[in-house]
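Comments concern the structure below.
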Amino acid sequence: MVTWLLSYENHYNLIREKILVGGEIIRNGGLVAFPTETVYGIGADATNPEAVQGIFTAKKRPLYDPLIIHVSDIEQMKELVTAIPQKAKELMTHFWPGPLTIVLPKSSLVPSIVTAGNPSVALRMPSNPIALELIRLSGKPIAAPSANLFGYTSPTTAQHVEQQLNGSYGEIIDGGACLVGIESTVISFLTETPKILRPGGIDQSAIELCIGKVISDQYESLDELSTSPGMLPSHYATSTPLKIVENINDFALESNVGVLVFGKSEQVFLGPVEYLSLSSNPSEAANRLYQAMRRLDGLSLSLLVVQLLPETGIGIAINNRLKKAAINY
Ligand code: TXA
Ligand code: MG
């Protein structure tokens, strides 16, 4: 019991130390990889354009794809925008801290590199306590995209981040596996009726219960609105081609095909299988999705196959990611 307590205390102190060091690095214009409840992010001081440039370089991310700014309190958020519509306030009250990103008109404090030259800024208050403490101790709003190379599967553990971005940040804070496992919902308040630009951790139905009707746009974001989708590399992609199929059982005899299975299955597969949720729980599937995609991707297979989930709740966000990662959409 005493040993357990001591090791817990050591672990706590270690994380605490890392957050302190991370805060210092952010203040000095460096990069820190850190956990959020959705996926791991790679962050920099959002008010420092050179620091933010470092994120784009580390991720090989094109400068036309804007970043989300993470805040630890409402006062910090207010300085970054010029107006907050009543419905946006209601969403913040209800869902922050949490996996909801809100797009509002930006203030002059936000450098244009963060927003890719757009007059709007995307803001989120994460609920992961390590993320919140890092922002608070750094004293800065933190611009952070998911901590993967541009176009590839997002990381849900510190090991995933190390595999793709090792060496390109000053510090990584290991907070274990992310709880939600899929990125935040992005909602824009630039239009008369609020518009969901990316489905994610918070359901459209939960948002509508709070503020009434919203529009759901199948485009993920500005980059896809302003550029021909065909010209963009796919998003959330595995290196092994991923195919969305009508029936995964058709691939049962293919030993070189990896299979992502949503619920329970009686089928025997010759190739490797990842079960996303044996109880067919979409939240559990979201939590396991990227980790499962990465494991199968590491097995040098010729193909990965998956069936879409029922289009409800977080299943909508999962299907959105699968379609963007797939070769046949
Ligand atoms: O859960 C998340 O949102 C994670 C964690 C780290 O917070 N972050 C994340 O960031 O997924 P990223 O950069 O991978 O995706 C941010 C999305 C992109 O699709 C981007 O185009 C969109 O948000 N976005 C950022 N600023 C925007 C703006 N001003 N207007 C519209 N879309 C914007
Ligand atoms: Mg991303």
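The values are calculated or read from the model by the stated rules, or taken from the named source; none is laboratory data. These figures come from a predicted structure and were not determined experimentally. Every residue, glycine as well, gets a Cβ built from its backbone with ideal geometry; the counts of neighbours run over all protein chains shown. Accessible surface areas use protein heavy atoms only, side chains included; no ligands, DNA or RNA. Shrake-Rupley method; radii C 1.70, N 1.55, O 1.52, S 1.80 Å.
Out of LEU289, LEU322, LEU253, LEU270, report the one residue that is surrounded by fewer than 13 Cβ atoms within 10 Å (Cβ to Cβ) and at pLDDT 95 or above.
The match here is LEU253.
Do you know which residues across region 142-162 are near ligand 2 (Cβ under 9 Å from one of its atoms) and under 12 Å from THR36 (Cβ atoms)?
Scanning region 142-162 gives PRO145, SER146, ALA147, SER154.
Criterion first (touching a Pro at 6+ places or on another chain (Cβ under 8 Å), away from ligand 2 (no atom under 16 Å from the Cβ) and under 25 Å from PRO105 (Cα atoms)) does GLN53 satisfy it?
Answer is no for this residue.
Could you please find all residues in region 273-286 being open to solvent by less than 70 Å² (accessible area, probe 1.4 Å) and assigned to a loop (DSSP other than H, G, I, E, B)?
Answer for region 273-286, where residues must be open to solvent by less than 70 Å² (accessible area, probe 1.4 Å) and assigned to a loop (DSSP other than H, G, I, E, B): LEU276, SER277, SER280, ASN281.
Conditions tested, residue by residue: (1) of a type in the set (S, T, N, Q); (2) closer than 22 Å to GLU208 by Cβ; (3) surrounded by fewer than 18 Cβ atoms within 10 Å (Cβ to Cβ).
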| residue | (1), (2), (3) |
| --- | --- |
| VAL52 | no, no, no |
| ALA88 | no, yes, no |
| GLY98 | no, yes, no |
| VAL103 | no, yes, no |
| VAL121 | no, no, no |
| GLY139 | no, no, yes |
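Could you pull out the residue among PRO126, PRO119, PRO105, PRO97 that is within 12 Å of ligand 1 (Cβ to nearest atom) and either without any contact (Cβ under 8 Å) to a residue 24 or more places away in the chain or among the acidic types (Asp, Glu) (or both)?
PRO119
I'd like the full set of residues that are within 15 Å of ligand 1 (Cβ to nearest atom) and part of a loop (DSSP other than H, G, I, E, B), limited to region 187-202.
PHE189, LEU190, THR191, PRO194, PRO199, GLY200, GLY201, ILE202 - these are the residues of region 187-202 that are within 15 Å of ligand 1 (Cβ to nearest atom) and part of a loop (DSSP other than H, G, I, E, B).
Every residue in region 233-282 that is more than 23 Å from VAL161 (Cα to Cα) and β-branched (Val, Ile, Thr), please.
Passing the criteria: ILE244, VAL245, ILE248, VAL257, VAL259, VAL261, VAL268, VAL273.
Which of the helices (runs of 4 or more DSSP H) contained wholly in region 68-134 include at least 2 residues that are touching a Phe, Trp or Tyr at 6+ places or on another chain (Cβ under 8 Å)?
In region 68-134, 86-95 are the helices (runs of 4 or more DSSP H) which contain 2 or more residues that are touching a Phe, Trp or Tyr at 6+ places or on another chain (Cβ under 8 Å).
I'm trying to understand the selection: among the residues of region 77-86, which are surrounded by 20 or more Cβ atoms within 10 Å (Cβ to Cβ) and either more than 12 Å from ligand 1 (Cβ to nearest atom) or within 18 Å of the chain's Cα centre (by Cα) (or both)?
MET77
Suppose the filter is over 19 Å from ILE173 (Cβ atoms), buried (at least 21 other Cβ atoms within 10 Å of the Cβ) and more than 9 Å from ligand 1 (Cβ to nearest atom); does PHE56 pass it?
Spelling it out, it is not the case that PHE56 is over 19 Å from ILE173 (Cβ atoms), buried (at least 21 other Cβ atoms within 10 Å of the Cβ) and more than 9 Å from ligand 1 (Cβ to nearest atom).
For region 144-160: of the residues being outside any loop (DSSP other than H, G, I, E, B) and under 17 Å from SER239 (Cα atoms), which is farthest from ligand 1 (Cβ to nearest atom)?
My answer is HIS160.
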